[in-house]
1. Please enumerate the residues belonging to the range 34-44 that are more than 22 Å from Glu22 (Cβ to Cβ) and surrounded by 14 or more Cβ atoms within 10 Å (Cβ to Cβ).
2. Just to be sure, is Glu57 part of a helix (DSSP H, G or I) and exposed (fewer than 10 other Cβ atoms within 10 Å of the Cβ)?
3. Anything in the range 13-54 that is assigned to a helix (DSSP H, G or I), charged (D, E, K, R) and free of Cβ contacts under 8 Å to residues at least 12 places away in the same chain? List them, or say none.
4. Restricting the range 16-62 to residues that are modelled with pLDDT under 95 and of a type in the set (Val, Ile, Thr), which is farthest from the chain's Cα centre (by Cα)?
Amino acid sequence: MNAQSPTAPTQNPQPSLPRVNEPDAEQRRRAVRAIASAARDAEDCALLLDALGLDAEEGRTSLPTQREQ
C-alpha cells in the first residue's frame, strides 16, 4: 500500500474503544455482593474488590429507619 491509499495504515493508529458508562451505585452494590458470595475467603474477596476498584462498603444496604409509633 502507498501513502495515497485510503486503506494505508497510519503512523500512530489510535484504538477505537467503545464509550462505556460508569456503573451506577446499584450496579456497584450488586457487583460487590456477587464477588463476596463467590470469594473463597475474606482475603480473596478483598483482593478481587481491590482489583476491580470496588469497596466492600458499597455492598452494604442501608436498613430503613423504624417509624415512630
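1. Ala39
2. Details: part of a helix (DSSP H, G or I): yes; exposed (fewer than 10 other Cβ atoms within 10 Å of the Cβ): yes.
Spelling it out, Glu57 is indeed part of a helix (DSSP H, G or I) and exposed (fewer than 10 other Cβ atoms within 10 Å of the Cβ).
3. Matches in the range 13-54: Glu26, Arg30, Glu43, Asp44, Asp50.
4. Checked the range 16-62; the qualifying residue farthest from the chain's Cα centre (by Cα) is Thr61.
The values are calculated or read from the model by the stated rules, or taken from the named source; none is laboratory data. This one's a predicted model, so the numbers in the text were calculated from it and none came from an experiment. Methodologically, a virtual Cβ is constructed for each residue, glycine included, from the backbone with ideal geometry; neighbour enumeration extends over all protein chains shown.
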